[in-house]
Amino acid sequence: MARREVTFGVVAALVVAAYAVGYARVSPTLGSPVSAATPTPTRPAEQTGVAKLPGTIAFMLRGDVYVLRNGRYAPLTSEGRNEQPFLSADGSTLYFARKEEIDGQRVVDGAVVNAQLGFTSIVRKGSGGGPETIVLSGLRQKRPNGQHLVSWFLGPAVSPDGKRLAVAEDDGDGAADLALWTMAQTPVRTLLSQGSDLADPAWSPDGTSIAATTYTGLTPGILVFDLTKGGAQRLAGLPEGGAYAPSYSPDGTWILYTLRHDATKNDVHAYDPTSKRDVALTSDGASWNAVFSPDGSQIAFLREKDGTIDLYAMELGDALRGGAPKEAVKVTRGEGIDGSSRPSWAR
């Protein structure tokens, strides 16, 4: 299991024990990830009359994508095997990862054994419904001997111009590199790292850089890839603790992220790489996976309270200028949000 999974698994267990988090990549008996779902209450077919927020928000609830729009949220998928949604900038198109498995074989301790091989594919679908298209198939090569070539494509993020897809790609070695795929009929891959352990890619609004969580060192941090000059730099000057799940503000000034601190606590922070200012936006110790609203005036994030994870929204006010944010508003109704997938907010 990759270090990023161990880290998040420990955090999630400390936040709420009811949520099982992490991925089982390949084993002789089980190849699909463990769901971050709770057994009760029942999964809603639709909820109306909830907080009316601008634009469209996609989030995960028990393995399915839900879309929040105009004070209503409803499921867009029904398989219970989905995660990590991403909305196009105009909110019209949804991308997400779907967990799959196939009967096959693996070599374990020098012996060939039957195995359920797990993988994920990236799926595209209209945010209002309709047909689905597999953009990237995790079944890279189906082999006659059953030793199929599979990959885990995680954290899909489409470039602002819609031409490239960034994913963290695990080819079965327990780590994940950052890969760019052209959005073409025959996608072309460009690897931005080799032998790294990355997650949560997020594009800058101008498309010149990608921020990602790095688990390559002892402590999780934020790595920023410069797509014009090449290379990557780890953000320095952050508060003590582990930083993960970055997301840019619409103007590119701030990077929103989660700080794991005091061993068991998680809070949402914003960091300005130019001025080196860091602003704590939550202080309850149980908030994470935040994203900005399309106009930058609000954030949406996950929060655990009384053993249940819900989607919350918060107006920033002048919090990034030295003031205090407004009180967070709970958006969902205690059905049990999947804690390992951050939401996505678009116009």
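Miscellaneous remarks
- Residue pairs whose Cβ atoms lie under 8 Å apart, sitting 6 or more positions apart in sequence or on different chains, and linking a residue in region 58-83 that is free of Cβ contacts under 8 Å to residues at least 12 places away in the same chain to a partner that is surrounded by fewer than 23 Cβ atoms within 10 Å (Cβ to Cβ), are Y66/A74; Y66/P75; Y66/L76.
- Filtered residue count, region 71-126, keeping only those that are of a type in the set (A, V, I, L, M), within 15 Å of Q147 (Cβ to Cβ) and crowded, with 16+ Cβ neighbours inside 10 Å: 3
- Which listed residue, of G146, G174, G207, G162, is in a loop (DSSP other than H, G, I, E, B), exposed (fewer than 14 other Cβ atoms within 10 Å of the Cβ) and not hydrophobic (A, V, I, L, M, F, W, C): G162
- Answer residue from region 225-246, given it is touching a residue at least 40 places away in the same chain (Cβ under 8 Å), surrounded by fewer than 20 Cβ atoms within 10 Å (Cβ to Cβ) and of a type in the set (A, V, I, L, M) and is nearest to V158 (Cα to Cα) among those: A232
- Residues in region 315-347 that are of a type in the set (A, V, I, L, M, F, W, C) and not in a loop (DSSP other than H, G, I, E, B): A319, L320, V329, I337, W345, A346.
- Checked against the criterion of being without any contact (Cβ under 8 Å) to a residue 60 or more places away in the chain and either within 21 Å of I57 (Cβ to Cβ) or touching a strand residue (DSSP E or B) at 6+ places or on another chain (Cβ under 8 Å) (or both), the candidates V279, V329 yield just one match: V279.
- Flag for L311 being closer than 20 Å to A202 by Cβ, free of Cβ contacts under 8 Å to residues at least 40 places away in the same chain and either aliphatic (A, V, I, L, M) or out of contact with any strand residue (DSSP E or B) (no Cβ under 6 Å at 6 or more places or on another chain) (or both): no
Only the coordinates and a few stated rules stand behind these numbers; no lab work does. On a predicted model such as this, the values are computed, not experimentally measured, just so you know. Cβ sites come from the backbone with ideal geometry, for glycine too, and all protein chains shown count toward neighbours.
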